[in-house]
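Novice: Pasting a structure below so you can have a look.
Only the coordinates and a few stated rules stand behind these numbers; no lab work does. This one's a predicted model, so the numbers in the text were calculated from it and none came from an experiment. Glycine gets a Cβ as well: all are built from the backbone with ideal geometry, and neighbour counts include every protein chain shown.
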Amino acid sequence: MRVIFCTFIFLFMCIVPAYATKDDEMQEMRNEIDELKKEFAAMKQHYTAKITELEFKLSESSVSALPRSSYKAQANSQTTYSHTSAIMNPDISVIANVKQRFNDDVSDDNRHKLTVGEAELTMSGMIYPNIRGDATVAVENEYSGESDTNTETDLEEAYISFLALPFNSQVLIGRKLIDFGLINPQHPHEWAFSDTPLVLENLFGDHPWYDDGIQGSILVPNPLDVYWETKFGVWNGRSLAHSHDHSEDEEHIHGALENEPVNWGDIVFTARSYWNVPVGDNADIGFGYSAAWDEHPMTVLHGFDFTTRYRFPNKYNWIKWQTEYILADVEAERLHEAHHHDEEEEEEAHAPEIYDYIANGMYSMLEYSINKYWRVGTRWDYAEYNEHERYYQWANSYFLTYFFNHNLYARMEYRYRDYAGLEDGHQEPENTIWFQLVWGLGPHGHGIAE
């Protein structure tokens, strides 16, 4: 712990004095000017592309109205198309999420190791007027043992969006992070903290839940004139359970039962509604309800979320309170453990047994943006173990983030995690410290600070 504390002091001794000098105030203004220039250039590029697109559509309409013998008009339309081909090229970005964690769990193979936990290659762009394509390929890396590494490549997202359908509606088709709750649709580098909230880790695993399917959304008009969006999706029901088998020696992790995420049995349906109500000029309140169930239904998830934010007169000064609660009503299968000598009895003994369990959990986060560069926050977690209602865990987390610019931030987080309801000898608390560095190249990296 002395090494960690000294490292933390050294980090802040390097940053804070420089931040406090007058020269850095001038540098801050220069940086803000540069960022405004970049934003202006991006807006100029966007409107130029939009104008070119409209000119192309206008030229197409003009050509279709001319006789076939008007080759000059056709040549002009081809020239216009050559200009639009440039805007059809996708935006391509790379975002890396680098972490190092220190904890007192000796069974953690990634303990005290610096890892590029995830690197994403993201591509997006308009492929037709009002039709957009998005794709994200992620490479994840972790240690297994002292020096062996496991590297996995996942296609996290690949979907096409139809953006301008009647009645303020949209439809997307493909693979996407599921719109369940507030943070599951986001990539981990967009979160305000370094770890995964316990309730999401228990239900969805150590990665946000994604699946292949189709989803429609609509902005609902209402007499109160508040923001109201509703979504409904149909998905394949990808299994969220761990792909590897656990031996008896792996039954416990740091004194706690190994937990398995929800295992969907068939086609999964999702629904979400979100309301946002302005409160005066500087505050707003958001409410959300999410639901997911499979075809039988064997499993039903209910999610409730609440967000409120107050913005101070300073542009970068705000405070936010965010809470999510999830209730899981699961019908699961398990094999009998009895052993029989007779083959028929043994087959019957290995027939799956159907049973029900209910698990719930939540997190509540308070985050404060001090200024353009610094944010501080805390989070409280509670989660029950799936299939073990009498066991639960809770945690307190504290995190501090420094944004160099829109493409780079550094974060430190401390979490105290404890277990309750376990047998004696299995109630060891866990202390973990994360150092995180996230950087991005390309247009998508520009939104890291958001």
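Novice: What distance in nm lies between label points placed 7 Å from Cα along the C-beta direction at Ile354 and Phe162?
Specialist: 3.7 nm
Novice: Now for a separate question. I'd like the Karplus ³J(HN,Hα) series for segment 320-325: coefficients 6.51, -1.76, 1.60, θ = phi - 60°, whole numbers in Hz, and an x wherever there's a Gly or Pro.
Specialist: Along segment 320-325, the couplings run 9, 10, 9, 9, 10, 10 Hz.
Novice: For each of Met365, Met126, count neighbouring Cβ atoms within 10 Å of the residue's Cβ, then give the residues from fewest to most.
Specialist: The fewest-first ordering by Cβ neighbours comes to Met126, Met365.
Novice: If you project the alpha carbons of segment 271-332 onto their three principal axes, what span does each projection cover, largest first, in Å?
Specialist: That gives 52, 16, 13 Å along the principal axes, largest extent first.
Novice: Given the convex hull over the Cα atoms of segment 185-233, what projected area results after averaging over all orientations, in nm²?
Specialist: Hull-based average projected area comes out at 5.2 nm².
Novice: Among the listed pairs Lys99/Lys176; Lys37/Lys372; Lys99/Lys315, which are separated by more than 23 Å between their Cα atoms?
Specialist: Checking Cα-Cα distances, Lys99/Lys176; Lys99/Lys315 exceed 23 Å.
Novice: For Arg111, what residues show an amide H to amide H distance below 5 Å, using hydrogens built from the backbone and excluding near sequence neighbours?
Specialist: none
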